1. Please find, among C:A64, C:A53, C:A75, the residue that is more than 10 Å from every other protein chain (Cβ to nearest Cβ), farther than 16 Å from C:Y215 by Cβ and among the hydrophobic types (A, V, I, L, M, F, W, C).
2. Just to check your reading of the model, which residue among B:L41, B:L130, B:L106 is at pLDDT 90 or above, of a type outside the set (D, E, K, R) and farther than 30 Å from B:S222 by Cα?
3. Would you pick out the residues in the stretch C:45-67 that are farther than 18 Å from A:F23 by Cα, touching a Ser or Thr at 6+ places or on another chain (Cβ under 9 Å) and buried (at least 19 other Cβ atoms within 10 Å of the Cβ)?
4. Within 17 Å of C:T221 (Cβ to Cβ) and either in contact with a helix residue (DSSP H, G or I) (Cβ under 7 Å, 6 or more places away or on another chain) or more than 7 Å from chain C (Cβ to nearest Cβ) (or both): which single residue out of A:A17, A:A39, A:A6 fits that description?
5. Does B:L130 satisfy the criteria of being away from chain C (no Cβ under 14 Å), out of contact with any Asp or Glu (no Cβ under 9 Å at 6 or more places or on another chain) and either of a type outside the set (V, I, T) or without any contact (Cβ under 8 Å) to a residue 24 or more places away in the chain (or both)?
6. Exactly one condition in (1) without any contact (Cβ under 8 Å) to a residue 24 or more places away in the chain; (2) β-branched (V, I, T); (3) within 9 Å of chain C (Cβ to nearest Cβ); (4) out of contact with any Gly (no Cβ under 8 Å at 6 or more places or on another chain) is false for B:V167; which is it?
7. For A:V14, all conditions in the list (1) of a type in the set (V, I, T); (2) closer than 18 Å to C:V102 by Cα; (3) surrounded by 13 or more Cβ atoms within 10 Å (Cβ to Cβ) hold save one; what is the number of the exception?
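The values are calculated or read from the model by the stated rules, or taken from the named source; none is laboratory data. A quick note: this is a predicted structure, and the numbers were derived from the prediction, not measured. Every residue, glycine as well, gets a Cβ built from its backbone with ideal geometry; the counts of neighbours run over all protein chains shown.
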Amino acid sequence: MSEFFAMGGYAAYVWSAFGITAFTMIVLAVLARRADRRALDRIRRREENRK
Amino acid sequence: MNMNATAGKLLRRDLVLAWRRWGDALNPLMFFVMVALVFPLAVTPEADFMRKLAPGILWVAALLSSLIGLSALFGPDFEDGSLEQQALSPVPLSYTAFVRVVGHWLVTGLPLVLLTPVIAIPLGFTAESLPALLALLAPGTLYFSFLGAIGAALTVSLRSSGLLLPVLILPLATPVLIFGARGAQLALLGDWPAGPLYMLGFMLMLAASLGPLAIAGALRISLD
Amino acid sequence: MWTWFHKLASPPHFYRIGGKLLPWFGVLTLLLMAWGLYGGLVLAPMDYQQKDAFRIIYVHGPSAWMSMFTYMMMAVAAGIGLIWRMKLAHVVAHAVAPIGAVFTFCALVTGSIWGKPMWGTWWVWDARLTSELLLLFLYLGYMALAGAFDDRKQGDRASAILAIVGVVNIPIIHYSVEWWNTLHQGPTVTKFDTPSISWEMLWPLLVMALAFKLYLFTVATWRVRAEILQREQRSAWTRDLK
């Protein structure tokens, strides 16, 4: 198991590469999903106010 | 409507206007000379080192200088409404654009090319390499004018486009930069840069044929 | 078949269909990512020369491929928007641009990280990385131009022209950078691909590529839906949303 994390000595490189990629892609996805939800909420709220 | 007569008039108008404001036309030239000659101060004037850098410095300076004054290409005509007139005339806007770009090059690019010996020699180029350098820079700067005009057309209606134009244009200018600098390097070594010249010719053909279409399209966006 | 295509171009229709597809896109993305990562990090055997460091290819390769695929998609969408005056096409182009930029950024960062243990420096001016760098500039230029206009329609069309000019230039940029690279290559040849890659090493790469593609669809759909609502907020159909 620890061998897996050690990545033959290249742990810092492999995990930072995967880590940075994962981080940026997750942040982008979260922001996109949030934008989708918020857009819908805004429309709904506006409909509420009209009524 | 005689297209060539109209083109001739348009070209003459641009040249006369540039002549009247000849101070503005000097700016890119002064920039060219200064940027190029400031480099040795920043690195080292050592001959061997300079010989390696000289081709690159020459071309980067030419590229940056070509970008200056591009916003003035379509800006004034856009503001005073003459651009709209040009778009409405029976002469195709792309043809008008082509002529304007050539006019811009005659005022900016050509003097730049003619000034090249002034900076090439101090940068370490030999006198024998000068014909090759001029042969490379002529199509190269003309390409930069076409490419830059696309950027100028896209940003013509923006109030403060600032450095947006260079940001848009620089990545697209890299192929010509690569070929041109390589050609200059060959010239420095005493060879005639046939290969790079062919590539520059190809790039110029591409830009001169398709560029005006993009420029006209871009100008129309701002005119709607 | 064309009616389906035309329907898709209508914002309410796209919004609805996108909403239905999202769970599928999302779940598939996660499953494929998990499977690909397991295959690449655990199952694939160690490389003879690069040992475990080669595993970076499982994020570097897909990022690089998707950075180019996304640009193509962006340019095609922009072209459709320009030629057929389809607003939704422009929205799609704007939606995928930041995703493509993120892919390009990851390709650059992972490429740089990979270079350090392999070739000793944090940056190598190899053809692929240099091309990716220029591609990032093209993405940033597109996003900057699209955002610079007050009039949204002008922004759509101007950035569309830029995208098309860019896509014409990309093969030329690739070729010229390749050529430039061969001129300046030192004794060590830098290669980010292994020439004859075994199947056990290859299949996780393909799975990851598919996973990244599905990720693109997922995030793009969210972004397109959000912008549709924003642009169409005055339209009647938005009032009937649940």
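1. Just one listed residue meets the conditions, C:A75.
2. Result: B:L130 is the single residue among B:L41, B:L130, B:L106 that is at pLDDT 90 or above, of a type outside the set (D, E, K, R) and farther than 30 Å from B:S222 by Cα.
3. C:F54
4. That would be A:A39, the only listed residue that is within 17 Å of C:T221 (Cβ to Cβ) and either in contact with a helix residue (DSSP H, G or I) (Cβ under 7 Å, 6 or more places away or on another chain) or more than 7 Å from chain C (Cβ to nearest Cβ) (or both).
5. Considered against the rule, which asks whether it is away from chain C (no Cβ under 14 Å), out of contact with any Asp or Glu (no Cβ under 9 Å at 6 or more places or on another chain) and either of a type outside the set (V, I, T) or without any contact (Cβ under 8 Å) to a residue 24 or more places away in the chain (or both), B:L130 comes out as yes.
6. Among (1) without any contact (Cβ under 8 Å) to a residue 24 or more places away in the chain; (2) β-branched (V, I, T); (3) within 9 Å of chain C (Cβ to nearest Cβ); (4) out of contact with any Gly (no Cβ under 8 Å at 6 or more places or on another chain), B:V167 violates only (4).
7. Evaluating A:V14 over (1) of a type in the set (V, I, T); (2) closer than 18 Å to C:V102 by Cα; (3) surrounded by 13 or more Cβ atoms within 10 Å (Cβ to Cβ) leaves (2) as the failure.
The rows are residues; the columns are (1) within 21 Å of C:S235 (Cβ to Cβ); (2) of a type in the set (G, A, S); (3) not in a loop (DSSP other than H, G, I, E, B).
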{"position": "C:Y15", "(1), (2), (3)": "yes, no, yes"}
{"position": "C:G18", "(1), (2), (3)": "yes, yes, yes"}
{"position": "C:L22", "(1), (2), (3)": "no, no, yes"}
{"position": "C:L32", "(1), (2), (3)": "no, no, yes"}
{"position": "C:W35", "(1), (2), (3)": "no, no, yes"}
